[in-house]
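Here's the structure, in structure tokens; my notes come after.
The values are calculated or read from the model by the stated rules, or taken from the named source; none is laboratory data. As the structure is a computational prediction, the values presented were derived from the model and not from experiment. Cβ: placed from backbone, ideal geometry, glycine included. Neighbour counts: every protein chain shown.
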Amino acid sequence: DTGVSQNPRHKITKRGQNVTFRCDPISEHNRLYWYRQTLGQGPEFLTYFQNEAQLEKSRLLSDRFSAERPKGSFSTLEIQRTEQGDSAMYLCASSPDRGNYGYTFGSGTRLTVV
Amino acid sequence: AQKVTQAQTEISVVEKEDVTLDCVYETRDTTYYLFWYKQPPSGELVFLIRRNSFDEQNEISGRYSWNFQKSTSSFNFTITASQVVDSAVYFCALISSGSARQLTFGSGTQLTVLP
């Protein structure tokens, strides 16, 4: 297992289009997280899953955002009707269900909305 | 609510100098974990250290050392004999028992090590 994998690495889209990102966590990790990082800032929590259940969502996650984790494996984050303010790095992380918060982050998907 | 403050936005040093990155945190919980991550230009967040609130022992790992002081709510990170490869953005982060496993990050410190 080579860690948390995110695809695509970069995405440029026109305002108003829909985009979808994928995250493949470390296989034995039950928990999966999405964070958003804008330029010059630290990552901000968006949502997290335990297995296939989405247990918490940040108020940053507007109605245009939806995340899924079918079968508790990979996860997708979809943004509908993208806006320029959605331009950011979207980071995925995973961790074991138990233990001392051992997060592993992926390399992120950088979204640019033009 | 919890908060992490990294007051130093950018630091520039010459190779082989020592450098300390400051981190101040706020939380009402008595059980919490503090982290440092490194983010090179590739974008991936690289885990450096985790410290729980009950363990105030300082830690040294090679050229890296961490100073945790609950009395001042600080968790500072020192790189000794810095190298060009240390150039990156460094983030301090916090999880507390009441935060449902949400990491709260500081805004990061851009460290540039000049040859």
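Note on segment B:51-115: enclosed strands (runs of 3 or more DSSP E) holding 1 or more residues that are surrounded by 14 or more Cβ atoms within 10 Å (Cβ to Cβ) are B:64-69, B:74-79, B:88-96, B:109-114. Only residues that are within 12 Å of chain A (Cβ to nearest Cβ) and assigned to a loop (DSSP other than H, G, I, E, B) were counted across segment B:1-50, and they come to 11.
State yes or no: is A:Glu28 assigned to a loop (DSSP other than H, G, I, E, B) and in contact (Cβ under 8 Å) with a residue 12 or more places away in the chain? So A:Glu28 fits the description; yes.
Look at (1) within 22 Å of A:Gly40 (Cα to Cα); (2) modelled with pLDDT of 95 or more; (3) touching a strand residue (DSSP E or B) at 6+ places or on another chain (Cβ under 6 Å) and you find that B:Ser82 fails only one, number (1).
Does segment B:94-105 contain at least one residue that is away from chain A (no Cβ under 14 Å) and touching a residue at least 12 places away in the same chain (Cβ under 8 Å)? I'd like the intermediate steps shown before the answer.
Going residue by residue through segment B:94-105, those that are away from chain A (no Cβ under 14 Å) are none.
Checking segment B:94-105: not a single residue is away from chain A (no Cβ under 14 Å) and touching a residue at least 12 places away in the same chain (Cβ under 8 Å).
No other residue among A:Pro43, A:Pro8 is in contact with a Phe, Trp or Tyr (Cβ under 8 Å, 6 or more places away or on another chain), in contact (Cβ under 8 Å) with a residue 24 or more places away in the chain and surrounded by fewer than 18 Cβ atoms within 10 Å (Cβ to Cβ) apart from A:Pro8.
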